Amino acid sequence: MIERRALRHFDPILILLAAALVGYGSLLIYSASLNDFSGVSASHPLVKQLVFACFGLVAMAAVAWVDYRVYGHLAMGLYAVSILMLVAVLFVGTSAYGSTRWFSFAGQQIQASEVAKIFVIIALARYLSDRQARIHDPIVFALSFVMVSVPAGLVLIEPDMGTSLVFFAVWLGMAAMAGVPFRHIMVFFGLGLALLPFVALLILNDYQLDRFRLWINPNDDPLGGGFNIIQAKIGIGSGGIFGKGLTDGSQTQLDFLRTSTTDYIFTVLGEELGLIGALILFALFTALLFRGIRAATLSRDQFGRLIATGVVIMILFQVFINIAVNIQLVPVTGIPLPFISQGGSSLVMMFVALGLLEGIVLRHKRLEFQ
């Protein structure tokens, strides 16, 4: 457990940045849901988001309170739990928008893959840090790939291609930080690119192939699957430099934009707050990610460095994918914008990830734990 003398290393900036992002997202959620609710109540998306943010802060404090190296001892158990959750959700999960990703519990939805991402980061960090003496061995690299392929493959079956790519992005970044030879990574990329067309034909279903088709030409189904893609381009393009003003976006307020509080919340920002609003968002995320890099730099052990690296890459990749979907750089996926999009599981687990970073910073000068 944490000692009082270690609290002087607490990073308040990390928490302030996360709170600023949640506050920023709450303004956008309020605007995007303005026409759907006559007043603020317990069922209002804004109220739910703030409640989950409070739960997230408590979870972050609880995670930071325990020495992060304890999670290393639990790593394989956490990994097993993540696999069991991803398997179970395929059979007893709740379906929405063509995917089966959620458990329903007490009227709330828990997304199994959000929990699995954190658990897999911890498990990979333990595996790679324990094998530093053999990190140049191709077998170590191959087994780490197998470790991440199992949860990523289960997520892909849901189907959720975006989240499965998050797993692989985190794995590659952590492997590089662990010291895996660059040639191994390049061989992996070469094989991956060569096999990509064949793998796509084998594993992609009609639903996913349709998303690729509509990404290339949304006008093939302008009132169906391509509708949101078209409306997002109109919304962001019309925002200009300063935007139309909060609660004044036409595509948002006239309900042309679907899933405006979740997957397409960046479009709400682009339309109503414009380029300036987007730059503020980028600045907040950049500062947050640098605090995560600081945690990795301060860590005195490889396990902590790898956890911090995994958390930073997870957040960075999700930000990139979500925004890329909104501006039609990549096909539509269900990746939320961290701390901004409405979603209980995502928000709470993001705060858990920050708890891991705080735990590393708090104990970067204390290595006596056994």
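The values are calculated or read from the model by the stated rules, or taken from the named source; none is laboratory data. Small disclaimer: the values here were computed from a predicted structure and weren't measured. Note that each Cβ is placed from the backbone with ideal geometry, even for glycine, and that neighbours are counted across all protein chains shown. Surface accessibility is based on the protein's heavy atoms, side chains included, excluding ligands, DNA and RNA. Shrake-Rupley method; radii C 1.70, N 1.55, O 1.52, S 1.80 Å.
Structure values in brief
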read-out: Share of carbon and sulfur in the accessible heavy-atom surface of the stretch 134-252 [1.4 Å probe, %]; value: 74 percent
read-out: Distance between the stretch 47-87 and the stretch 221-267 - C-alpha centres, whole angstrom; value: 34 Å
read-out: Per residue accessible area in Å² of the chain, where ligands, DNA and RNA are left out and the probe is 1.4 Å; value: 44 Å²
read-out: With 5 Å bins from 0: P(r) over the stretch 273-370, alpha-carbon pairs, percent; value: 2, 13, 20, 21, 17, 12, 8, 4, 2, 1, 0
read-out: Positive minus negative residues near Ser99 (Lys, Arg vs Asp, Glu; Cβ under 10 Å); value: -1
read-out: Folded to 0 to 90 degrees: helix 138-157 orientation relative to the chain principal axis, Cα; value: 30 degrees
read-out: Calculated P(r) over Cα pairs in 20 Å bins from 0, in percent (choose from (1) 28, 58, 13, 0; (2) 25, 47, 21, 5, 1; (3) 24, 42, 24, 9, 0), label; value: (1)
read-out: Helix 227-239 vs. the chain, principal-axis angle (Cα, 0 to 90°, nearest 10); value: 90 degrees
read-out: Peptide ranges 188-196, 225-233 listed from the most packed, as the mean C-beta count within 10 angstrom indicates; value: 225-233, 188-196
read-out: Alpha-carbon gyration tensor eigenvalues x 5, square-rooted, for the stretch 231-321, Å; value: 34, 13, 8
read-out: 0 to 90° range, to nearest 10: angle between helix 75-92 axis and the chain longest Cα axis; value: 30 degrees
read-out: Efficiency of FRET from Cβ geometry, Ser149 and Ser41, R₀ 45 Å, rounded to 0.05; value: 0.55
read-out: At 0.692 mPa s and 37 °C, Stokes D of the stretch 9-57 from Kirkwood alpha-carbon radius, µm² per second; value: 279 µm²/s
